[in-house]
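Any read-out appearing in this document is the output of simple, stated calculations on the displayed coordinates, not a laboratory observation. In this text the structure is predicted, and so the values were computed from the model without any measurement. A quick note on method: Cβ atoms are made from the backbone with ideal geometry, for glycine too, and the neighbour counts reach across all protein chains shown.
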Amino acid sequence: MKLIKIEAHGFKSFADPVILRFDGGIAGIVGPNGSGKSNINDAIKWVLGEQSAKELRGDEMKDVIFAGSKTAKPLDKATVTLTFENKDGLTSYEGETISITRSLERNKGLNQYYINGQPARHKDIKAIAMETGIGKSSLAIISQGTVSDIAQASDEDRRGIFEEAAGVSKYKFRKIESIRKLERTDESLKIIQAHISELEKQLEPLRKQAEKALVFKDKTAKLKNVEIAYLGQEIVRLEQLCSSLKNELEGVEDTKNNYRDKIDEYSTKIAHRKNEQGDLNKRISELSSKKNAAESRLNELKIIYNTETTRRNMIASGEFQVDLKEKKEALQEAYIEQKQVLEHLLNSEKEIKDKKEQTAQKLTEVNVTINDLQTKLNNLSRKKHEIETQLKILASKKESKSNLYKGTKTILENAHNFRGLKGIVGDLIKVESEYTSAIEAVLASSVQHVVVDTPETAVKAIEFLKSNNGGRATFIPLTSIKEKFIRDDYLLVVRNHLGFLGLASELVKVDPRYDVLNRFLLGNIVVVDNIDSANKISKVLDKKYMVVTKDGDVVRPGGIMVGGTKQESDDILGIDDKIKQLENLIPGIVAMEKKHTVDIENLKSQSINLQNYVTSYGNEISGILISIKHTQEKLDKIQSDFSLLGEDVSKISGETVNATIDRINKIDSELKTFVFELSALLQQKHKIDADIEQLNELRNEANKLFNQLTESFSEKLYQAKESEKILEQHRIRLVSFYNLTLENAVKNYKLEMPIEKAEELITELRNEINALGNVNLESIIQLEEVESKYDVYVSNRDELQEAKDTVLNAIAELDKIIITRLSNIVNDVNVEFDKVFKSMFGGGTAQVKFVDPSNVLESGISIFAQPPGKSVKNLKLFSGGEKSLIAISLLFAILKARPLPLCILDEVEAALDESNVVRYANYLQELKKQTQFIVITHRHGTMSRVDHLFGATMQNRGVTSFFSIKLSDAEKLIEKNKQ
């Protein structure tokens, strides 16, 4: 690639436009010192991309712009253009010539590059220089300093000239670029790896959280599908059952009412018949009294009759003398006496009537009290019967374990097969009734978890369930679980908080052997008095722990709240509490029954006594009335006797006897009437007694049937209440948890398994969901985001790693090229160096070799030479002139081995003596066949052997101008400079 032309204007001393044309061969530039001839060298360096002002013999880059002189003004712009022949195609540009231009404006301080008149980059210029070998560091520009550098350089620094000769500059440049790229890539990799490491720290916990969240969502979705279908089917079934039970209860109630009416009817009839019985007894008593009085009177009359008959006989026989006076006096005394008797009897009658009325009133009150107590006693009996019925149902349920899940029940029934079985949670934890609702809300279905000693026992039990189709159960191995707790700083605060009652694990009783179970289930759960306290304490705990109220309202971790109407429970914990409550009611009822029974018996005894008193008073009154009648008759008789005292005694005696007979006949007739009536009344009494007995039997039978119906009613009522309670729970859960109507649930969700299987699956899923603990549902999205970032960084890392590998491969490939080219150049130069050395020194030998042949990439290059008649020595050991000639020989050997299209020699031979200058110049003639030379010199031996000469002069001080010159003129010019 031949230099055709140099054009310069404003560069250094080229104030005027300078044009130098070259035809190849060797062109010499001569001129006195200070004429600016070497500025041609600087101009070529500058155009080819030199960035160092010092290399251009200045302090800053704007120093290359003409600064002015006494005769010329400063210029504002420097421009240099090199035009090369491009026929050999060493560049990537088309055309027979290629021009490279660089300009610099003083004010702008901006370098501008042009290739063939088109703007270009510094990088483009450097590429051409590397492609053609005319770059600033190559052998294309050799100065006296270059020869000195080679002579004085260390082995390591000397290899640079060989690298340039080998044409590895562009490869080293690429390698440096690659290394820089590699460094940037490594830095990027470090940054990306730091991000990846940070994301990896996040990924592992997030993956676990997301995995748990996905399991939670999956199980929740399964639970939702199964439970909604289950709830829909169960609600429909329970509604039908409740409706059926309601109809049955209404029918039983109607039948009970019928029997109750019958019992009341029988009781009314019995009371009515007893009233009739009382009236009849009263009449019988009265009639018996009349009969007894008539019999007594009849006896008296018979006595009178006998007396009168005797007296009449005595009068007739003259044995009886009547003393009228004495008789009157006697009658008067008798009258007064009977009058007093009559008054006494009347007073007694009034007194006894009052007592009778008072006693009858008291009897009525006692009977009313008896009826009230009997009603209360019947109610107590019914209540006790209902409680006993519920107890039977609960005891049966507990005994049969019907409230246990199938799997749990199977294990307990086969407990003898498992030595490590401890029981179920509900049996191992004892809860006071005050906290039953709270603990039930916390444990839920966990009360049916089976506690075992080790995981091996659990495995054995699970295999047993599988092999026997025994359902499913959840097992808690004591050796596997760990205690749960609330952080001390939280616990210290909440213990002093209003409403705090204690930790759940502190409010139950367990055998010390199961303390770990207690704290595993309840150790991190707070119990408070009400939902308001629960909400406040949950906030204090940062919503990290479960808080439950005494009523069973719950604030879960995260803030979810569950609560509402308290539901009675007959679960493991609730059923014992319910049985205990019911059993505690019975002693009170029995005591009240006993008291009422005793009171009734006492009142009945009192009633009988009062009735006896009433009857007795009635009999006394009847007797008194008869006595009053008899006394009145006696008074009448006395009055009659007294009026008849004056009449004939015999006549009176006769009349008296006749009257007595008449009265006897009358009383006898009355007595017969009394006996007949009494017999009739006794028959009526027997009839009433039989009726009462029959009515009692009917009432007892009705009571028996009523009690049977009551028992059946209680069972159905309990079943109905339980069904309604479960139905209400199902309805609430369907609405509150799933926000669905029954219609939607039944329409959209179908249960595809038996109801028992569904219940087991629901329990299992709830247990598994509860076992998951706190779940971060946002972790799924967070994981996606972090994984997305992670994948981007990993992808970037992989791309960078791939790019790094590519760069490393490229560097390795470049190293191979550099090693090959360096090895080749050293070998080729060795051949030429020995030849050139012999030519320059007139014999001898010379050699270049790697200091470390095993490390060509970094090894220095040593120069050994043996001039004629001398020993072999390292270049460093030769004299200054010899060093210069050996260095020039080496440069010529390199140019011989690797010819360049253009080489600029700037006073290279200055240190040589004339004979060696001639040898130097002669050898240039040898080299010009392959290389164009521009030689800047002031040596005659060189000038005389160049093909063309250009003279450099400063006709105007500070401004260089060039002209073609003959050898003789050049010599004169040099001589003139010396003078």
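Structure data summary
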item	result
Options 462, 491, 561, ranked by Cα towards positive dipole end of the stretch 404-569, top entry (Cβ charges)	462
Cα-based Kirkwood hydrodynamic radius, the stretch 485-558, one decimal, Å	12.2 Å
Rounded FRET efficiency, nearest 0.05, which uses the C-beta distance separating residue 381 from residue 255 and R0 of 22 Å	0.70
Globularity index of the stretch 404-569, i.e. its alpha-carbon radius of gyration over 2.2 N^0.38 Å	1.12
Formal net charge of residues neighbouring residue 839 (Cβ-Cβ distance under 11 Å; K, R +1; D, E -1)	+1
Cα-centred dipole magnitude for the chain, charges only on beta-carbon of K, R (+1) and D, E (-1), debye, nearest 20	4720 debye
Straight-distance crosslink candidates among lysines, where the alpha carbon sits under 22 Å from residue 201 and sequence neighbours closer than 8 are dropped	190, 212, 789
The stretch 404-569: relative contact order as a whole-number percent, Cα under 8 Å and 6+ apart	22 percent
Antiparallel content of DSSP bridges confined to the stretch 404-569, in %, to 5	65 percent
Geometric extent, Cα atoms of the stretch 19-149 - Rg, Dmax (angstrom)	15.4, 46
Percentage, to the nearest whole number, of Cα pairs in the stretch 103-253 over 23 Å apart	74 percent
Added length on full extension, which subtracts the Cα-Cα distance from 0.36 nm per residue, residue 601 to residue 417	60.4 nm
Alpha-carbon centroid distance for the pair the stretch 861-924 / the stretch 708-737, whole angstrom	119 Å
Between helix 880-897 and the chain: long-axis angle, C-alpha atoms, 0 to 90°, nearest 10	70 degrees
Gain in span if fully extended, residue 453 to residue 676, counting 0.36 nm per residue against the direct Cα distance	70.9 nm
Protection proxy ranking of 142-154, 515-527 - average other beta-carbon atoms within 10 Å, highest first	515-527, 142-154
The chain, relative contact order in percent, only Cα pairs under 8 angstrom and at least six apart counted	26 percent
Residue-span extension gain [residue 796 to residue 184] - 0.36 nm each, minus C-alpha spacing	219.0 nm
Compactness of the stretch 407-504 as Cα Rg over 2.2 N^0.38 Å, two decimals	1.35
Residue 19-residue 719 pseudo-label distance in nm [points 7 Å out on the Cα-to-Cβ vector]	12.7 nm
Euclidean distance between Cα centres, the stretch 263-302 to the stretch 366-381, Å	29 Å
Efficiency of FRET between residue 221 and residue 609 - r from beta-carbon atoms, R0 60 angstrom, step 0.05	0.15
Pairs of alpha carbons in the stretch 799-928 whose separation is greater than 27 Å (percent)	30 percent
Partners for residue 70 among lysines (Cα-Cα distance below 21 Å; same-chain residues under 8 apart left out)	12, 37, 62
Among (i) 44.9; (ii) 33.0; (iii) 33.8, the entry derived from the coordinates for Kirkwood radius over Cα pairs in Å	(i)
Given charges at Cβ of Lys, Arg, Asp, Glu: the chain dipole, positive-most of 294, 696, 524	524
Estimated FRET transfer efficiency when R0 is 41 angstrom, pair residue 72-residue 910 (beta carbons, to 0.05)	0.85
